[in-house]
C-alpha cells in the first residue's frame with residue numbers, strides 16, 4: 001500500500017473554538033482557540049490530519065497568516081510522496097523558514113499518513129512503546145485569590161501538578177504562589193511559567209523569594225534571546241530552569257545545551273515545526289543529559305493526541321503540559337488521546353488516532369487545494 005503514495009488534495013479549515021474564560025499569560029491574552037485544521041488526502045484512500053494553533057506573541061503567526069501559509073504549503077507538496085517526511089520537511093522549512101506552527105500541522109498530517117500506511121499507532125511507528133502519563137493543569141495570570149481558588153479546584157479534581165502563569169511584578173507573583181501554597185499546602189508540586197515577563201534582576205529576586213514554596217521548575221523567566229542571563233539565573237537560584245521560547249528547533253537545543261543555560265527543555269510541536277524536529281530536539285537533549293517536557297499552545301485533542309504519542313515514544317520526555325483542550329467549551333475531536341482528569345491514554349488506532357467531527361468541519365470555512 002505504501003508504494004507510490006501521492007498527495008492528491010489538501011483541505012484547510014478555519015476553526016474557532018471558544019474558551020470557558022480568557023487565558024492570560026505575561027505577553028498576550030488568548031480569548032479563544034483559533035486553530036487551522038489541515039486534511040491531507042492521498043491516492044490510496046489514506047488521509048492525514050494536522051492542527052496549527054498560533055500564538056502570535058511567541059511564533060509571530062496569526063490564524064490568518066497560518067491559513068495563507070497553508071495554501072502555499074499545500075501547493076508545494078501537492079502531487080508528492082507523503083511518506084518521504086524528511087524531504088517534505090526540508091521543502092517546507094526552506095519555503096517558510098519561521099512559520100513553525102503551520103508547518104507543524106502539515107508535518108503532523110504526514111506522520112499520520114505514514115503510520116496509517118504502516119498499519120501502526122504513531123507511537124509504534126516512531127519506534128517507541130505505549131505508556132499513560134499525566135499532564136498538569138495551568139492557571140492563567142490573575143489575582144492571588146483567583147489563582148488560589150483555581151488551584152484548590154484542580155487539586156480536588158485530582159490533578160497531580162499545577163502550573164501557574166507568572167511574569168508581572170515580584171510582589172504580585174510571590175503573592176500568587178504564597179496564596180496557592182496556603183490554600184493547597186504541600187500536596188502538589190507547583191510549576192511556574194513567566195513567559196519572558198521578567199528582566200534578569202526581577203527574575204533573580206522573584207525566584208529567590210519563591211524558593212521556599214517548593215517550585216518544581218520555572219519556564220522561560222526572561223527574554224528568549226538572553227541566553228547568557230538564562231545561564232546566570234540557573235546558577236543563581238535553586239529552582240530548575242526550563243527553556244521554552246528560547247527553544248524552537250534542534251539548533252537552539254544545541255546552543256542551549258552547550259551554553260549550560262537550562263535544566264530542562266520544553267518542546268512544543270507548534271514551535272519546532274512538528275514531530276520531525278521535535279524528535280531531533282529530544283535527541284540533542286538526551287545526548288546532553290537534559291530531560292524534556294512536551295508542551296502545547298491551546299490545541300484541541302487532535303494536536304494534543306499527536307503530541308501524546310511523541311511523549312509515549314520517548315522516555316526522555318519526563319513531563320507533559322498537554323492541557324490546552326481543557327480550556328475549551330466544546331471538544332470537536334473524535335477518537336485520539338483520552339483524558340481521565342489529567343491522566344492521558346493514547347489509542348492503538350493507526351496514526352495518531354484523532355479526527356475532527358464532520359459536523360464541526362461543516363461549520364468551518366474551508367479552502368481546498370487540488
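The values are calculated or read from the model by the stated rules, or taken from the named source; none is laboratory data. What you are looking at is a predicted structure, and each value in this text was computed from that prediction instead of being measured. Virtual Cβ from ideal backbone geometry, glycine too; neighbours counted across all protein chains shown.
Here segment 253-276 is the region considered, the condition is being touching a strand residue (DSSP E or B) at 6+ places or on another chain (Cβ under 6 Å) and in a loop (DSSP other than H, G, I, E, B), and the residue that is farthest from residue 347 (Cα to Cα) is 262.
Quick check, is residue 233 within 20 Å of residue 190 (Cα to Cα), assigned to a helix (DSSP H, G or I), assigned by TED's automatic domain parsing to the domain that holds residue 190 and touching a helix residue (DSSP H, G or I) at 6+ places or on another chain (Cβ under 8 Å)?
The answer is yes for residue 233.
Does residue 325 count as surrounded by fewer than 23 Cβ atoms within 10 Å (Cβ to Cβ) and touching a helix residue (DSSP H, G or I) at 6+ places or on another chain (Cβ under 8 Å)?
Here the answer is no, as residue 325 does not meet what is asked.
Taking segment 168-193 as the range and being part of a helix (DSSP H, G or I) and in contact with a strand residue (DSSP E or B) (Cβ under 7 Å, 6 or more places away or on another chain) as the test, the residues that pass are 176, 177, 180. Against the definition (touching a strand residue (DSSP E or B) at 6+ places or on another chain (Cβ under 6 Å) and surrounded by 13 or more Cβ atoms within 10 Å (Cβ to Cβ)), how does residue 346 come out, yes or no? The answer is no for residue 346. Scanning for something without any contact (Cβ under 8 Å) to a residue 12 or more places away in the chain and not in a loop (DSSP other than H, G, I, E, B), does segment 69-86 turn up at least one residue? Within segment 69-86 (the criterion being without any contact (Cβ under 8 Å) to a residue 12 or more places away in the chain and not in a loop (DSSP other than H, G, I, E, B)), the answer is no, since none of the residues qualifies.
Every condition in (1) without any contact (Cβ under 8 Å) to a residue 40 or more places away in the chain; (2) within 16 Å of residue 115 (Cβ to Cβ) holds for residue 64 except the one numbered (2). Residue under question is residue 132, and the condition is that it be assigned by TED's automatic domain parsing to the domain that holds residue 94 and within 18 Å of residue 306 (Cα to Cα); does it hold? Judged against the criteria, residue 132 is not a match. How do the pairs read when you match residues in segment 209-229 that are free of Cβ contacts under 8 Å to residues at least 40 places away in the same chain with residues anywhere that are in a helix (DSSP H, G or I) and surrounded by fewer than 17 Cβ atoms within 10 Å (Cβ to Cβ), using Cβ under 6 Å and keeping only pairs 6 or more apart or on different chains? Between residues of segment 209-229 that are free of Cβ contacts under 8 Å to residues at least 40 places away in the same chain and residues that are in a helix (DSSP H, G or I) and surrounded by fewer than 17 Cβ atoms within 10 Å (Cβ to Cβ), the close pairs are 227/259.
When residue 279 is tested against the conditions (1) in contact (Cβ under 8 Å) with a residue 60 or more places away in the chain; (2) closer than 21 Å to residue 15 by Cβ; (3) assigned to a helix (DSSP H, G or I), the lone failure is (2). Taking segment 146-167 as the range and being surrounded by fewer than 17 Cβ atoms within 10 Å (Cβ to Cβ), outside any loop (DSSP other than H, G, I, E, B) and out of contact with any helix residue (DSSP H, G or I) (no Cβ under 7 Å at 6 or more places or on another chain) as the test, the residues that pass are 146, 149, 153, 156, 157.
For residue 109, the conditions (1) under 18 Å from residue 269 (Cα atoms); (2) assigned to a loop (DSSP other than H, G, I, E, B) are fulfilled apart from (2). Considering each residue of segment 292-305 in turn, none proves to be touching a helix residue (DSSP H, G or I) at 6+ places or on another chain (Cβ under 9 Å) and over 30 Å from residue 335 (Cα atoms).
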